[in-house]
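The values are calculated or read from the model by the stated rules, or taken from the named source; none is laboratory data. Predicted model only: the values in this text are computed from it and were never measured. As a convention, Cβ positions derive from the backbone with ideal geometry for all residues, glycine included, and neighbour counts pool all protein chains shown. Just so you know, the surface numbers come from the protein's heavy atoms only, side chains and all, with ligands and any DNA or RNA stripped out. Shrake-Rupley method; radii C 1.70, N 1.55, O 1.52, S 1.80 Å.
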Amino acid sequence: MQTVLVSGASVAGLTLAHWLRRRGYAPTVVERAPSVRPGGHAIDVRGVALDVLDRMDLLEEARGVRTRMRGMSMHDSGGNELWRSAEMTYSSGRLDSDDIELLREDLTRLLYRRVQAGNEAEFLFGDSISALRWTGDGVHATFASGARRMFDYVVGADGLHSGVRRLAFGPEADYLRHLGSHVAVFSTDNFLGLDNWQVWVQGETASYCLYPVRDNTELRATLGFMSESIHHDHRDTEQQKRLLAENMASLGGDTPRLLEAMRTAPDFYFDAMAQVHMDGWTRGRVALVGDAGYCPSPLSGQGTSLALVGAYVLADELGRSADPAIALSRYEERIRPYVTLNQALATENPGKGPSEESLTRAKNALTLGEDDTE
């Protein structure tokens, strides 16, 4: 049984581990965090990505924990309501769609539980890859803990700031494309008493979205501001909170209460809105999947779908050919058109979002073919 080291225990990494085991591989998942990461905003699963969940027998469970928004209201920078809709939300589109919106942590929980239940992967939490060296026979990995092991393949499923990408392909500055804004996400108490209702506050250079989760007991907050690329340490949360507070200060209404809640949020996340653009996602026996190789940014609404579909296709091609060059080349060939169309959604209509026609074309730009693992 060939071995695969997967860096990252989020959507792409967990999905990949499941399908690798289904295709006869022995995956090991290494994750820097001490466990599967909590927190995160509501994400969408659309189009062919729904088929991936269906083939994992997770589709109905995902539908069972989807968000239950009844609509949204838009407010100006002072907090005054401008308009409202009971037909759509900005985060997930039309409420009568077949797409599924659910919390990122709920999806990762479902995926992790599926992999654990089948004993489908070895997990190395609290560790990371510090060096890679590949030969014709495999990849030698050195871990931050000091351990050294050899694998047949290594896959980076470790997000926008991928360590595997840096080790195998070079500095991230060569591949990141800044999209002119930054975003933060965190959770807090439902101090507004929202009842399955999404609230947007929009200023000239800053905005935020609030929506309740967990039976309306909790708020998830997504805050963003426009700016050129800002140099910051993506692990220094106190620095990030100061940057966010400075750039959100122009907004009124409930903004001061929100920023006060931010200071003690246990799951604060902050980063640039950026995409990853690469000419190729494989080198030797090393491959990238999901945000590590082709992050479309949250502006596209398709990052989770790309992670699910990319992981499925990579495992599928590794299962179809024992020749690494053939398998990894086919993976890139199959996924490239899907990636290109979905990344384009983030820049099609800045500030307004993609058209329904573009979104439909992008989310259905790939078919999975027959599942021969049954």
The chain - mean residue ellipticity at 222 nm from DSSP helices (-39,500 (n - 2.57) per run, n ≥ 4, rounded to 500): -9500 deg cm²/dmol
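The range 1-139: Rg/Rh from Cα coordinates, Kirkwood Rh?
1.10
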Heavy atoms only, probe 1.4 Å: what % of the accessible area of the range 314-371 goes to carbon and sulfur, would you let me know? 51 percent
When only DSSP loop residues count, what trypsin sites (Lys or Arg not before Pro) in the range 222-327 have their Cβ near at most 16 other Cβ atoms within 10 Å? 235, 263
When the accessible area of the range 15-130 is split by element with a 1.4 Å probe, what percent falls to carbon and sulfur? 45 percent
May I ask you to evaluate 6.51 cos²θ - 1.76 cosθ + 1.60, the Karplus curve with θ = phi - 60°, for each residue of the range 274-281 and list the ³J(HN,Hα) values in order in whole Hz, giving x for glycine and proline? 8, 10, 10, 10, 9, 6, x, 10
Counting only protein heavy atoms with a 1.4 Å probe and every protein chain in place, the carbon and sulfur fraction of the accessible surface of the range 176-301 in whole percent equals 46 percent
Tell me, what is the per residue accessible area of the chain in Å², probe radius 1.4 Å? 43 Å²
For residue 267, the residues 5 or more places away or on another chain with a placed amide H closer than 5 Å to its own amide H are 187
If amide H atoms are modeled at 1.01 Å from N in the peptide plane, then the residues at a separation of 5 or more from residue 273, or on another chain, having amide H under 5 Å from its own are 179, 181, 182, 183
Alpha carbon centre of the range 1-51 versus the range 218-285: separation in Å? 24 Å
Beta bridges per DSSP with both ends in the chain, % antiparallel, nearest 5: 70 percent
Dividing the mean separation of Cα pairs under 8 Å (6+ apart) by the residue count of the range 153-304 yields a relative contact order in percent of 34 percent
If you plug each phi of the range 177-189 into the Karplus form 6.51 cos²θ - 1.76 cosθ + 1.60 with θ = phi - 60°, what whole-Hz ³J(HN,Hα) values come out, in order, with x for Gly and Pro? 10, 5, 9, x, 7, 10, 9, 10, 9, 7, 10, 7, 5
List the relative contact order of the range 25-86 as a percent without decimals, with contacts defined as Cα pairs under 8 Å and 6+ residues apart. 17 percent
Where does helix 11-22 land angle-wise versus the long Cα axis of the chain, in degrees 0 to 90, nearest 10? 30 degrees
Amide H proximity to residue 95 below 5 Å, modelled H, separation 5+ or other chain, gives 88, 89
Quick one: helix 104-117 against the long Cα principal axis of the chain, what's the angle to the nearest 10°, folded into 0 to 90? 30 degrees
Backbone HN-Hα couplings from phi across the range 128-139 [Karplus 6.51/-1.76/1.60, Hz, Gly and Pro as x]: 7, 8, 9, 7, 9, 9, 10, 10, x, 9, x, 10
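Can you give me the convex hull volume of the Cα atoms of the range 205-347, divided per residue and expressed in Å³?
Enclosed volume per residue, from the Cα hull, is 151 Å³.
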Among 102, 16, 259: highest mean-square fluctuation, GNM of the chain, C-alpha pairs under 10 Å: 259
